[in-house]
Amino acid sequence: MFRIGHGYDVHKLVEERKLILGGIEIPHTHGLLGHSDADVLIHAVMDAMLGALALGDIGHLFPDTDEKYKGADSMKLFEEVCRVCREKGYEIGNIDATVIAQAPKLAPHIEKMRENIARVAGCDVSQISVKATTEEKLGFTGEKLGISAHSVALMKRI
Ligand code: ZN
């Protein structure tokens, strides 16, 4: 009836890239580097969903050697992951995700991210939890070298 999965992702912060989190562009001096738009939150969420169904990870589904995914909108990839899960007979029960970033402040953007994710997944916003924290200036997130994200996904049979 239910299956649970976990996802984790990290991207490096660099100059002259847009910062995209949860499908929205957040004004900041730096952005995340990656083959796609490097939306670390959505990547962790997708890995949690795929993990729940033992379908591997997003690197398996969308190889970064494939030019098709260069600069890809991660929300489009997320839409595809939702489709694949439905095809396997599962949809999101609920998602709980945490973004770890020293800067910028993410609190003002959290609701928009939740709405975005729920809209694409075709579920209620109450099923999608996004939280943000810092690591108290410790480690690579604390030193603003990168942003990481964790997610768990509970998938339920349709
Ligand atoms: Zn990623």
message: Can you order the peptides 42-54, 1-13, 26-38 by their average number of other Cβ atoms within 10 Å per residue, highest first?
response: 42-54, 26-38, 1-13
field: Distance between region 1-44 and region 124-144 - C-alpha centres, whole angstrom
entry: 11
- prompt: Longest exposed-loop-site-free stretch of the chain, with GluC sites (Glu not before Pro), DSSP loop and at most 14 other Cβ within 10 Å?
  reply: 17-134
- line: Amide H contacts under 5 Å for Lys131, restricted to residues at least 5 apart in sequence or on another chain and with H modeled in the peptide plane, are Ala97, Thr98, Val99
query: Under a Cβ-Cβ cut-off of 14 Å, what is the net charge of the residues other than Asp9 that fall near it, where Lys and Arg count +1 and Asp and Glu count -1?
result: -4
message: To test your reading of the geometry: what angle, between 0 and 90 degrees and rounded to tens, separates the Cα axis of helix 40-52 from the longest principal axis of the chain?
response: 30
Net dipole in debye of region 63-158 [+1 Lys, Arg Cβ; -1 Asp, Glu Cβ; about Cα centre; nearest 20]: 180
- prompt: Normalized C-alpha radius of gyration of the chain, against 2.2 N^0.38 Å?
  reply: 0.98
- prompt: Given 0.36 nm per residue, what is the gain on full extension from Ser126 to His6 after removing their alpha carbon distance, in nm?
  reply: 41.3 nm
query: In degrees, nearest 10, range 0 to 90: what is the angle between the Cα axis of helix 74-87 and the longest Cα principal axis of the chain?
result: 20
- prompt: If you add up the charges near His28, with Lys and Arg at +1 and Asp and Glu at -1, over every other residue whose beta carbon is less than 11 angstrom from its beta carbon, what do you get?
  reply: +2
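Region 105-157: D in µm²/s via Stokes-Einstein (Kirkwood Rh, Cα pairs, 10 °C, 1.306 mPa s)? Kindly include the intermediate steps, with their values, before the conclusion.
Numbers: Rh = 12.9 Å.
Estimated diffusion coefficient is 124 µm²/s.
Just so you know, all these numbers are worked out from the coordinates, no wet-lab data involved. Only a predicted model underlies this, so the values are computations on that prediction, with no experimental measurement involved. FYI the Cβ positions are ideal-geometry reconstructions off the backbone, even for glycines, and counts take in every protein chain you see.
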